[in-house]
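What follows is a short report on a single structure.
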Protein chains: 2
Amino acid sequence: MRQGTKHKIMDSAERLFAERGFSDTSLRLITSHAEVNLASVNYHFGSKKELIQAVLMRYLEAFMPQLDRAMQAHLDSEQAPSLDDIFNAFVEPLLSMNEQRKHGTSLFLLLLGRGYTDSQGHLRKFITHHFGEVLDRFQAAVRRAYPQLTEAEMFWRLHFTLGTVVFTMASSAALRDIANADFNEQVNVETLIRKVIPYLAAGVGAPIQQQ
Amino acid sequence: MRQGTKHKIMDSAERLFAERGFSDTSLRLITSHAEVNLASVNYHFGSKKELIQAVLMRYLEAFMPQLDRAMQAHLDSEQAPSLDDIFNAFVEPLLSMNEQRKHGTSLFLLLLGRGYTDSQGHLRKFITHHFGEVLDRFQAAVRRAYPQLTEAEMFWRLHFTLGTVVFTMASSAALRDIANADFNEQVNVETLIRKVIPYLAAGVGAPIQQQ
DNA sequence: GTCTATAGTCGGATAGAC
DNA sequence: GTCTATCCGACTATAGAC
């Protein structure tokens with residue numbers, strides 16, 4: 001089955017963006033990997049910036065509705081969810097990115113991390129603008145699990161959590177190599193996600209400090 | 001008091017590197033901010049790569065010996081330290097970066113984060129090569145606080161921790177603006193560090209999962 | 001040690017033929 | 001939609017005068 005030029009560009013671009021960051025990935029590199037003509041990027045996407053957004057959007061549009069359904073369920077349930085429940089609700093939507101595309105889960109998280117640290121946070125605004133309500137419902141679910149947490153404290157702890165995840169993924173290839181060499185541990189994305197969840201849940205659920 | 005060209009370059013470079021990342025910061029931008037000649041970078045540092053290493057090294061050489069003393073104390077003490085003790089030992093060395101230079105603490109952590117995500121991990125090797133023993137003693141202190149944790153599990157949790165900290169700092173300016181606007185909270189670097197420590201200690205100290 | 005001037009490379013983008 | 005050929009700006013690095 002022949003793949004269209006537009007999709008070939010996006011598939012090569014996402015891999016290279018994840019590996020090298022946005023500004024270290026040139027259009028020439030992308031088009032040579034995709035085996036398409038340089039000018040086709042501008043024909044199909046208009047500019048490099050719009051290509052970046054298209055690549056990220058393809059994942060977000062698949063991921064966010066799944067996450068939203070899971071959070072909605074935690075808000076509607078009779079019993080208040082635990083923090084472990086809430087963070088475990090991320091596992092399936094994240095892993096489903098792997099069915100959509102090879103290495104989809106890590107690519108998605110890597111791109112997310114790049115988006116939050118590269119390019120002065122332009123992509124941060126892009127995400128919160130398009131998916132703000134989903135993030136709000138996530139926050140509401142956490143509140144239900146740990147009502148004593150003030151809104152401000154929750155704000156900080158959820159950003160700590162985001163940092164943990166995206167940084168881990170950004171370094172995951174290197175870290176998995178080290179783990180393999182030093183501990184003879186074969187770690188795939190799924191076990192890594194299952195490793196990080198208790199850490200996150202414990203962090204968000206840490207006792208409240210007096211300031 | 002007149003500042004030498006070499007130091008003017010490093011001071012401008014560290015601020016711009018932290019704000020924009022290494023590859024999005026050109027030597028032209030650095031030298032124009034520093035109000036020195038473009039060619040002086042190559043005269044004093046040889047290349048852009050060596051400038052990056054010099055900037056990071058200046059912080060690491062001030063930070064690492066302090067951290068090492070604190071970890072040594074935790075290893076020598078009669079009583080085993082708690083995880084909270086260990087992570088609190090980072091506070092003073094980190095804050096002392098602020099005395100050395102204005103905004104030194106956040107700049108240092110920002111640079112560290114850039115070094116771990118930019119440039120395919122070259123800087124990661126640079127750091128572990130020069131300061132591997134300090135990191136080993138840190139690891140030994142954590143082991144003393146939580147002996148049940150396997151070496152492999154500790155490896156992962158400490159990297160989660162690094163991710164939490166560097167990502168938080170990488171976004172700290174934006175996050176502090178939001179917190180100020182939404183919760184009327186004035187957060188400086190010190191309160192942010194003191195906020196993150198319970199999160200980290202709880203995460204590293206999370207119950208051990210059966211795989 | 002500092003400057004100007006420039007070599008040499010690589011980047012994004014586009015015009016215009018097919 | 002796809003291609004070649006280029007434009008033009010920005011970059012690192014260096015040679016050589018002062």
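The set of residues in region A:1-51 being within 10 Å of DNA strand C (Cβ to nearest atom), at pLDDT 95 or above and among the hydrophobic types (A, V, I, L, M, F, W, C) consists of A:27, A:29, A:30, A:38, A:39, A:41, A:45, A:51. The set of residues in region A:154-184 that are more than 20 Å from residue B:163 (Cβ to Cβ) and surrounded by 15 or more Cβ atoms within 10 Å (Cβ to Cβ) is empty.
Given the criteria crowded, with 20+ Cβ neighbours inside 10 Å, more than 11 Å from every other protein chain (Cβ to nearest Cβ) and closer than 30 Å to residue A:19 by Cα, does residue B:123 qualify? Against the criterion (crowded, with 20+ Cβ neighbours inside 10 Å, more than 11 Å from every other protein chain (Cβ to nearest Cβ) and closer than 30 Å to residue A:19 by Cα), residue B:123 qualifies.
The residues of region B:11-66 that are within 14 Å of another protein chain (Cβ to nearest Cβ) and of a type in the set (Ser, Thr, Tyr), listed by number, are B:23, B:25, B:26.
Residues in region B:26-40 that are within 7 Å of DNA strand D (Cβ to nearest atom) and buried (at least 18 other Cβ atoms within 10 Å of the Cβ): B:27 alone. Are any residues in region A:131-160 in contact (Cβ under 8 Å) with a residue 60 or more places away in the chain and within 15 Å of the chain's Cα centre (by Cα), and if so, which ones? Scanning region A:131-160 gives A:131, A:134, A:138.
The values are calculated or read from the model by the stated rules, or taken from the named source; none is laboratory data. The model shown is predicted, which means the values in this text are computed figures rather than measured ones. Because the Cβ atoms are built from the backbone with ideal geometry, glycine has one as well, and the counts that use them run over all protein chains shown.
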